[in-house]
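What follows is a set of notes on a single structure, which appears directly below.
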2 protein chains.
Amino acid sequence: MESYQTELLEASKRISPFIHRTPVLSSTLIDQIVGASVMFKCENFQKGGAYKIRGATNAILKLNPEKRALGVVTHSSGNFAQALSLAAKSCGIEAHIIMPENAPLVKVNAVKTYGGIIHQSKSTLEDREAVSKSVMQHTGATFIHPSNDLDVIFGQGTACLELLQDYPNLDVVFVPVGGGGLIAGSAIAVSYLSKKCEIIGGEPFEADDAYRSLKSGRIESNVSTNTIADGLRTQLGDKNFPIIQKHVKQIIRVTEDEIVEAMRLIWERMKIIVEPSSAVAFAALKRESDQFKGKSLGVVISGGNVDLSNLPF
Amino acid sequence: MESYQTELLEASKRISPFIHRTPVLSSTLIDQIVGASVMFKCENFQKGGAYKIRGATNAILKLNPEKRALGVVTHSSGNFAQALSLAAKSCGIEAHIIMPENAPLVKVNAVKTYGGIIHQSKSTLEDREAVSKSVMQHTGATFIHPSNDLDVIFGQGTACLELLQDYPNLDVVFVPVGGGGLIAGSAIAVSYLSKKCEIIGGEPFEADDAYRSLKSGRIESNVSTNTIADGLRTQLGDKNFPIIQKHVKQIIRVTEDEIVEAMRLIWERMKIIVEPSSAVAFAALKRESDQFKGKSLGVVISGGNVDLSNLPF
C-alpha cells in the first residue's frame, strides 16, 4: 500500500503541468438542505470537461519515451475517449479511439475536436477487440484501459488528493462509481491523507455492479444499464476492485428520479453544469443525509459534459 | 466625479460582509474562438444568483438607522426583487415587493423564499405606483429603485471594481445594459481604476433604448421588449443616463439568435449557468470580435437565474 501512496503523489506532480487545479465550491443553501457542510470539487471545470484527463495523462507519461512515441489506443465512447485524445495531443503523440459505429455523432465530433483518430468497430465486444488489436499491430500503440489500469487509477485519485489538501478535515468524501477508476484512486487518496476520512460511493440502482460486488466479494456484472448516468454503465475490473474492497465500506444506490433531482438542485443552486453521472454522488449523500448531519463532507463533481438539446428537465 | 469614485470605494467596503467576492473564470477554448483573452466576472455565483444584491445592500445600508428600521419597497418581478428581499433579510429589516398580479409563480416563490413581503398590483403603471405609495404610507418604508438610484448604481459598480482589482490590465469591459444601473456603476469603476480601460455595453436589438439614447442624446423608450433577455427590457433613467453618456462610447446590439448562441457557448464550454441577459455582453463581444483581437477583455456575467423547464435549446 505504501507504494500506492507514493505513486499517487508522483502522479499528482507528474500531471500538474497538463491539468487544471480545479476550484472547490460550496453553497449555503445546499448546506442547509442536507444539514452538513459540503465542499464540491469541480472537475466539470477540468480540461475536457471531466476528471478523466488526469488518469489519461498519467498513463501516457508513465510510458517510456520510445513506447510513448508510438501512441495510445483505447475503446470508449465517453469522456475517456475525449480525455485520452486531449492528453495525447498535449504530449505530442497520437491517440487511437475505437468507437462503435452507432456512437452518437456529438461524441464522435468531440473526440475529433481534441485530435483523436477514430476507428469504427461493430458494437460487439469481439469486433471492438479485433479492431483494437489491429490498430496496435499496425502502429505499435499501447492500449490504455479507461478505468482498470493502475496508472489511470493513480491519476484519477489526484482530484480527491487536491480536495483533501485544500480541506484536510473532511469526514466523508462521496464519488460516483462507474468502471471503478475514480473511486479506487480516491480511496487511495483518502487512506493516505486522512486518518478519519471515509470514502463512500454513489451508484444508480440501474447499474449497481459495485454495490453487489462489495456484498458478494467478487466482481458482479450489471444486470441492467438503463440509467441516465451514462458514465456509470461500465463494469468494475480486477485492478480496481481489490482497492475498492479494501477501502470502501459503503456504496449508496440511488434512483433515476433522485439523480435528476440532485442534478437539478446543483444546476439551480450552484449555477454550474454537471452531468448526470456527477450528480449521483450528491444524490447518494442527499438520500442518506440523516447519516451525515453536521459533518464536513466532500463531493467529487466528476464532469459537466451534457447534451443541452437533450436535458432531463 | 471625484465623489462618485469615493462613493464606489465606500460602497465596496460597506457591502463586503454581506456579499460574495465572486470568482473570475476563463476558458482557453473561448479565448481561441474570439481571438482574445476573456476574463468572466461570475456574478451568477453571487448571493441570490445575480449582481443585484450589491446595489440593494448598498442602498439599504446608506439609509440612516431610523429610516432603515422601517423597511424598503421596490417594484420588480425580476432579480432585484429577490436581491432586495435577501439584502433586507441580512440587515434585519422588511422588504416590500410590488409585483404585478400576472407575475410568474416561480418569481413570486423566489421572493417569498428570501423573505420578501409581496403586494400585488394590476399590471398598469398607475396601479403599481398607487400600491407602492400606499405601502410606503402604511409602513414608512423607503422606496428603492432597481436601477435609477445612485446608491444602487455605486453598489452595482463594485462587481467591475473587483474585476479590475484582480485584473488591472484589461483593455475593455463588457456589461449588459437593461435599466442602466450596472453599466453606470461599471463605468465609474472603469474610469476610476484604469487609465486605458474602456467600457462597452451589450444590448438586444429588441430592447435597444440605451443604444438609441446615446445616439440622440436623450432618454429614448424601448419600441419593443420582445427579447429572451428578460432582465434587459427595462428603461434607462435620469440618474444613470448622464453617467452612461459621459463614459460609454459604444453599445453593441445583438440579435436573439446571437444571445442564445452566446449563452449556449458559455454553458457548454465553461460549464456554468448564465441567464440570457448575462449572455448579451459576451454576444456583443463575439459579434464584433474583430475589433478586439489580441486584447485583454473582461465580461461581467450578471446572473444565473433561469427556469430550467423553459430553456431555449
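Here the range B:53-143 is treated with +1 on each Lys and Arg Cβ and -1 on each Asp and Glu Cβ, and its dipole about the Cα centre works out to around 280 debye. Cross-link reach is defined here as a Cα-Cα straight distance under 25 Å, omitting same-chain residues fewer than 8 places apart; for A:Lys47 the lysines meeting it are A:Lys13, A:Lys62, A:Lys67, A:Lys89, A:Lys107, A:Lys112, A:Lys271, B:Lys41, B:Lys271, B:Lys286, B:Lys293, B:Lys295.
Residue farthest toward the positive end of the dipole of the range B:243-313, with Cβ of Lys/Arg at +1 and Asp/Glu at -1: which of B:Ala284, B:Ile272, B:Val260? Farthest towards the positive end: B:Ala284. Taking the number of Cβ atoms within 10 Å of each Cβ as an exposure proxy, the fewest-first ranking of A:Met270, A:Met39 is A:Met39, A:Met270. Converting the Cα gyration tensor eigenvalues of the range B:2-113 into ellipsoid dimensions via √(5λ) gives semi-axes, longest first, of 29, 21, 11 Å.
For B:Glu10 and A:Phe205, a Förster radius of 60 Å and the Cβ-Cβ distance give a FRET efficiency of 0.60, rounded to the nearest 0.05. Spin-label model, A:Asp171 to B:Gln250: label points 7 Å out along the Cα-to-beta-carbon direction sit 5.5 nm apart. Inter-chain Cβ neighbour count for B:271-279, averaged per residue, equals 4 (cutoff 10 Å, partner chain atoms only).
Beyond 28 Å, what percent of the Cα pairs of the range B:162-313 remain? Percentage above 28 Å: 14. Note on B:Ser216 and A:Ala69: the model spin-label points, each 7 Å out from Cα along the C-beta direction, lie 7.1 nm apart. Only Lys, Arg, Asp and Glu carry charge here, each on its Cβ (+1 for the first two, -1 for the last two); on that basis chain B has a dipole of about 600 debye about its Cα centre.
Amide H contacts under 5 Å for A:Val299: A:Met39, A:Phe40, A:Lys41, A:Phe174, restricted to partners 5 or more places along the chain or on a different chain, H placed in the peptide plane at 1.01 Å from N. Proximity of backbone amide H atoms, modeled 1.01 Å from N, is registered between B:Glu198 and B:Val172, B:Val173 at under 5 Å, excluding neighbours fewer than 5 places apart on the same chain. For the range A:53-143, the alpha-carbon coordinates run over 34, 26, 17 Å along the three principal axes, in decreasing order. 3J(HN,Hα) along the range B:246-261: 6, 10, 9, 8, 9, 10, 9, 8, 10, 7, 4, 5, 5, 5, 5, 5 Hz, from the Karplus curve 6.51 cos²θ - 1.76 cosθ + 1.60 with θ = phi - 60°, whole Hz, x for Gly and Pro.
Diffusion of the protein assembly as shown by Stokes-Einstein, at 25 °C in a medium of 0.890 mPa s and with Rh set to the Kirkwood radius over alpha-carbon pairs, works out to 95 µm²/s. Of all DSSP-defined beta bridges confined to chain A, some 10% are antiparallel rather than parallel. Note on chain B: GNM, Cα springs under 10 Å; of B:Ala81, B:Ala141, B:Ala103, the largest mean-square fluctuation is that of B:Ala103. The calculated 222 nm mean residue ellipticity attributable to helices in chain B amounts to -14000 deg cm²/dmol, summing -39500 (n - 2.57) over DSSP H runs of n ≥ 4 and dividing by all residues. Annotation: amide H-H contacts under 5 Å for B:Ser27 (H modelled 1.01 Å from N, sequence separation of 5 or more, or interchain): B:Val38.
The alpha-carbon of B:Lys249 sits under 19 angstrom from the alpha-carbons of these aspartates and glutamates, leaving out residues fewer than 8 places away in its chain: B:Asp171, B:Glu198, B:Glu203, B:Asp208, B:Asp209, B:Glu220, B:Asp238, B:Glu288, B:Asp290.
The P(r) of the range A:162-249 has a tail past 21 Å containing 29 percent of all C-alpha pairs. About its Cα centre, the protein assembly as shown has a charge dipole of approximately 1100 debye under the convention of +1 per Lys or Arg Cβ and -1 per Asp or Glu Cβ, with nothing else charged.
Given R0 = 56 Å, the distance between the Cβ atoms of B:Lys133 and A:Val223 translates into a calculated FRET efficiency of 0.25.
Taking the longest Cα principal axis of chain B as reference, the axis of helix B:150-166 is set at about 30 degrees. Counting Cβ atoms of other protein chains within 10 Å of each residue's Cβ and taking the mean over peptide A:17-30 gives 1. Select from B:Glu258, B:Glu129, B:Glu198 the residue whose mean-square fluctuation is largest in a Gaussian network model of chain B (Cα-Cα springs shorter than 10 Å). Its mean-square fluctuation being the largest, the pick is B:Glu129. Put simply, the C-alpha atoms of chain B give a gyration tensor, and the ellipsoid matching it has half-axes of 30, 21, 19 Å, longest first. For the protein assembly as shown, the residue among B:Thr139, B:Leu170, B:Ile118 whose Cα projects farthest onto the positive side of the dipole built from Cβ charges is B:Leu170. Exposure proxy ranking for B:Lys271, B:Lys246, based on other Cβ atoms within 10 angstrom of each Cβ and starting from the fewest, stands as B:Lys246, B:Lys271. Structure remark: mean-square fluctuation, Gaussian network model of chain A, C-alpha springs under 10 Å; the largest value among A:Pro146, A:Pro17, A:Pro100 belongs to A:Pro17. Computed over the alpha-carbon atoms, the range A:1-40 gives an Rg to Rh ratio of 1.24, Rh here being the Kirkwood radius from the mean inverse distance. Computed over the range B:131-189, the convex hull of the alpha-carbon atoms projects to a mean area of 4.8 nm².
Taking the charge dipole of the range B:228-313 about its Cα centre, with +1 at Lys and Arg Cβ atoms and -1 at Asp and Glu Cβ atoms, the residue from B:Gln245, B:Phe313, B:Gly303 reaching farthest to the positive side is B:Gln245.
Each value in this text was obtained by applying a stated rule to the coordinates, not by laboratory testing. Everything numeric in this text was worked out from a predicted model, so none of it was measured. Glycine gets a Cβ as well: all are built from the backbone with ideal geometry, and neighbour counts include every protein chain shown.
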